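First the structure, in the form of structure tokens, and then the observations on it.
The values are calculated or read from the model by the stated rules, or taken from the named source; none is laboratory data. Every value quoted in this text rests on a predicted model; they were computed, and no experiment measured them. Note that we place each Cβ from the backbone using ideal geometry, even for glycine, and neighbour counts take in every protein chain shown. These area figures cover heavy atoms from the full protein model, side chains too; ligands, DNA and RNA do not enter into them. Shrake-Rupley method; radii C 1.70, N 1.55, O 1.52, S 1.80 Å.
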Amino acid sequence: GDLPARFAAQRKAVLSNSSRPDPSFAELGLPVALVQTLRNAGIEKPFPIQAATIGDALAGRDVLGRGPTGSGKTLAFGLPMLARLAGSPSKPGRPRGLVLVPTRELASQIERSLDEAALAVGLRVASVVGGAPIKRQADRLARGVDLLIATPGRLDDLIKQRSADLSEVSIVALDEADHMADMGFLPQVTRLLDRTPKNGQRLLFSATLDGDVDKLVKRYMHDPVTHSTAPAEA
Ligand code: ADP
Ligand code: MG
């Protein structure tokens, strides 16, 4: 056949292949405003789990991400969520993005990690966790939150008192799904997921993907793409 044409096609395929070894955040498809915020924070180059998952999450796929502590899972789900939610504000009490986490500490850690980036794309982030006054959280929700980070119990309470409604959630992330299972949160997590739209996007991140986590995956994720990064060599 036509050799030059074939090479040109191959070259094009290589250049546009987002799974090539070292994509930048911009090449993964993140908006300039987010890339700039990362750079300001000294984050220049995606970690492997981020390079693997961000493109698929931006494309709207359900993603299963497995990686050890410190591998960079927060930005792996957080950045595509912010990119996809940017541009249209959520109604009071009706967040469009939801991150479920097992602990208060993790909630505030994620909020801190995503705060600047959210601001850069005009999104409002808030966390609701147990052990803090529920009235203040209800007021915060009433002022409008685009991305809500929550522990299951407190979110359940806020829904019962009609301060939160999950019917407009278009993207859910479950972080540390294995710990949520270990801590006995799965019944609450499934109840909460049942309140989100069935056709919404779901991202699940965990250090392990077996047992109870697998049940969640089978029940709630649609044709998920799985990306795993190995633990660092000891
Ligand atoms: P995990 O949730 O997988 O345990 P985190 O998302 O908490 O990991 O990230 C661990 C640390 O690495 C955090 O301090 C975070 O700011 C930092 N980090 C994440 N991604 C990058 C990156 N691409 N470049 C540099 N530092 C990063
Ligand atoms: Mg984490």
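Considering each residue of region 103-120 in turn, none proves to be away from ligand 1 (no atom under 16 Å from the Cβ), under 15 Å from the mean Cα position of the chain (by Cα), open to solvent by less than 10 Å² (accessible area, probe 1.4 Å) and within 15 Å of Ala173 (Cβ to Cβ). Scanning region 179-215 for residues that are open to solvent by 10 Å² or more (accessible area, probe 1.4 Å), within 24 Å of Glu105 (Cα to Cα), in contact with a Leu (Cβ under 8 Å, 6 or more places away or on another chain) and not in a loop (DSSP other than H, G, I, E, B) returns Ala181, Leu186, Thr190, Arg202, Asp212.
Checking each residue in region 52-76 for being within 14 Å of Thr226 (Cβ to Cβ) and touching an Asp or Glu at 6+ places or on another chain (Cβ under 8 Å) picks out Arg61, Asp62, Val63, Lys73. Take the residues in region 22-46 that are under 30 Å from Leu216 (Cα atoms) and in contact (Cβ under 8 Å) with a residue 40 or more places away in the chain; name whichever of them is nearest to ligand 1 (Cβ to nearest atom). The selected residue is Phe25. Close contacts from region 104-125, counting a first residue that is more than 21 Å from Arg94 (Cα to Cα) and a second that is open to solvent by 50 Å² or more (accessible area, probe 1.4 Å) and of a type in the set (D, E, K, R), with Cβ to Cβ under 7 Å and a gap of 6+ residues or different chains, come to Leu106/Glu176. Filtering region 18-71 to residues that are within 20 Å of Gly87 (Cβ to Cβ), open to solvent by less than 30 Å² (accessible area, probe 1.4 Å), in a helix (DSSP H, G or I) and more than 16 Å from ligand 2 (Cβ to nearest atom) leaves Leu34, Val35, Thr37, Leu38, Gly55.
Within region 90-107, track down each residue that is of a type outside the set (Val, Ile, Thr) and either touching a Ser or Thr at 6+ places or on another chain (Cβ under 6 Å) or assigned to a loop (DSSP other than H, G, I, E, B) (or both). Steps first, answer last, please.
Going residue by residue through region 90-107, those that are of a type outside the set (Val, Ile, Thr) are 90-98, 100, 102, 104-107.
Across region 90-107, the qualifying residues are Ser90, Pro92, Gly93, Pro95, Arg96, Pro102, Ala107.
Considering only region 142-196, state which residues are of a type in the set (Gly, Ala, Ser) and within 16 Å of ligand 1 (Cβ to nearest atom).
First, pick out the residues of region 142-196 that are of a type in the set (Gly, Ala, Ser): 142, 144, 150, 153, 163-164, 167, 170, 173, 177, 181, 184.
If the condition is that a residue be of a type in the set (Gly, Ala, Ser) and within 16 Å of ligand 1 (Cβ to nearest atom), then Ala173, Ala177 are the ones that fit.
With respect to the conditions (1) at pLDDT 95 or above; (2) in a loop (DSSP other than H, G, I, E, B), Gly87 falls short on a single one, namely (1).
Each residue in region 179-197 was checked for being over 20 Å from Asp157 (Cα atoms) and over 17 Å from the mean Cα position of the chain (by Cα), and 1 pass.
Is there a residue being touching a strand residue (DSSP E or B) at 6+ places or on another chain (Cβ under 8 Å), open to solvent by 10 Å² or more (accessible area, probe 1.4 Å) and away from ligand 1 (no atom under 14 Å from the Cβ) anywhere in region 91-101? Before the answer, list the steps.
To start, the set of residues in region 91-101 that are touching a strand residue (DSSP E or B) at 6+ places or on another chain (Cβ under 8 Å) comprises 95-101.
Imposing the further condition that a residue be open to solvent by 10 Å² or more (accessible area, probe 1.4 Å) reduces the set to 96.
Next, from what is left, pick out any that are away from ligand 1 (no atom under 14 Å from the Cβ): 96.
Yes; the residues of region 91-101 include at least one that is touching a strand residue (DSSP E or B) at 6+ places or on another chain (Cβ under 8 Å), open to solvent by 10 Å² or more (accessible area, probe 1.4 Å) and away from ligand 1 (no atom under 14 Å from the Cβ).
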